[in-house]
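For reference, the structure discussed in these notes is given below.
Every number here is computed from the coordinates shown, using simple stated rules; none is lab data. Owing to the predicted nature of the structure, the values given are computational and were not obtained by experimental measurement. With ideal geometry, Cβ positions are generated from the backbone for all residues, glycine too; neighbour counts draw on all protein chains shown.
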Amino acid sequence: MRAVFLDYETVSYSDLVTASLMRVMPTLRLYDNTADSQLVERIEHAEVVLLNKIGLARAALEAAPRLRLIAVAGTGTDHIDLECAEERAIGVCNVRGYCTQSVAQLVWSMILCLTQHLPAYHRLAIAGAWTGGARFGGAAHRIRELDRLVLGIVGWGELGRAVAKIAESFHMRVLVAHRPGGTLPVDGKAGPQRLDLRSLLAIADVVSLHCPLTEHTRGMIGAAELALMKKDALLINTARGGLVDSGALAEALKSGRLGGAGIDVLTQEPPVDGDPLLDASIPNLVVTPHIAWAARESRQRCLDEMAANIQDFLSGGRRGRVV
């Protein structure tokens, strides 16, 4: 069986063990990355393709007549033409729940960083402001306690629930949004109060996004939605860049209409054409290069789960299947 991993370097930084993958596919070929000009050549004879960020459009799938399975190193599958895969009876599987702790850790790192204004106070301290006198203290930027504030979660899956659980330690009130085009599972538990998105945005002190990018959620946080939020509220997005209008968010932060934002994802990744949120002058904004999932433990777990998905597929199962 011919199998290729098209962009292994985006998952491993020479720190992962591939034994589980090699047990399932002894002839697996690992490519650090794959340029557009190399894609067809590398997949045209493959039966299994493993990938992380490489896109597979219809033209690429049609150029791979032997392809039986696409195994994604992650949860999102919006970079793959699922309709074409289904038409051609190509299985697609993803990995869920592998990076829950890593994502929750980054979300709370951002919330705490922004609430305490750590970047701003760091700059003031090294610039000499601290030496100006005892009155400097914490007067330059307003620091808030999280106690009794409202955390709004958009996307009540495993990640949203993990972030909400940590909020209990800060005695925050958790609310959940009915996201556009989505339904909330009925699990028999009372759980947090659930509101429509606009109502949640108006109430929440911190809003954290954890939903997939779909036709219903694309651009769901734009200028109108940002205008509903409290002036000192925080927006955290570790889900998908396309959920938020970057230009509108940049303007809201520059004008002081929004308290701050933590952004781990952009509409285009990597942002070769730039992005409004990469403006270094925007206040109280933290932007990271899609690293929420990147703890070594999470990445190793991802590889091992991919191997389990592929093994199950070869045995006729549907573990992790999207298509």
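Per residue, the average separation of C-alpha pairs within less than 8 Å and at least 6 apart gives the chain a relative contact order of 18 percent.
Can you find, among Met220, Ala19, Leu50, the residue sitting farthest towards the positive end of the charge dipole of the chain, where Lys and Arg contribute +1 and Asp and Glu -1 at Cβ? Looking along the dipole axis, the top candidate is Met220. Each peptide in 217-225, 258-266 was scored by the mean count of other Cβ atoms within 10 Å over its residues; highest first, the order is 258-266, 217-225. Apply the a/c threshold of 1.5 to the C-alpha gyration tensor of the stretch 170-306 and tell me whether it is rounded, prolate or oblate. Because a/c hits 1.5 or more and a/b fails to exceed b/c, the stretch 170-306 counts as oblate. Net charge within 12 Å of Ala295 by Cβ-Cβ distance, Lys/Arg positive one each and Asp/Glu negative one each, not counting Ala295 itself? Counting the neighbours of Ala295, the net charge comes to +1.
Springs between Cα atoms under 10 Å define the GNM used for the chain, and in it the highest mean-square fluctuation of Leu39, Leu200, Leu213 occurs at Leu39.
Of the peptides 108-114, 287-293, 269-275, the ranking by mean beta-carbon count within 10 Å, highest at the top, reads 108-114, 287-293, 269-275. Reported to the nearest whole Å, the Cα centre-to-centre distance from the stretch 42-60 to the stretch 100-125 is 37. With the Kirkwood sum run over all distinct C-alpha pairs, the chain has a hydrodynamic radius of 21.4 Å. Pick from Val174, Val40, Val163: which residue has the top mean-square fluctuation in a GNM of the chain where Cα pairs under 10 Å get a spring? The residue with the greatest mean-square fluctuation here is Val40. Please check which bits of the stretch 78-94 a label hung off Arg218 would reach, taking the label as a point 7 Å along Cα-to-C-beta and the cut-off as backbone N under 13 Å. The answer is 78-80. Report, to the nearest 10°, how far helix 158-167 tilts away from the longest principal axis of the Cα atoms in the chain, using its own Cα long axis and a range of 0 to 90°. Roughly 30 degrees between the two axes. Under 1.5 on a/c is rounded, so check that first for the stretch 23-75, then, if it is not, pick prolate when a/b is larger than b/c and oblate when it is not; a ≥ b ≥ c are the square roots of the alpha carbon gyration tensor eigenvalues. Rounded, because the longest to shortest axis ratio a/c is under 1.5. Legend: ranking of residues Tyr98, Tyr13 from fewest to most surrounding C-beta atoms inside 10 Å; resulting order Tyr13, Tyr98.
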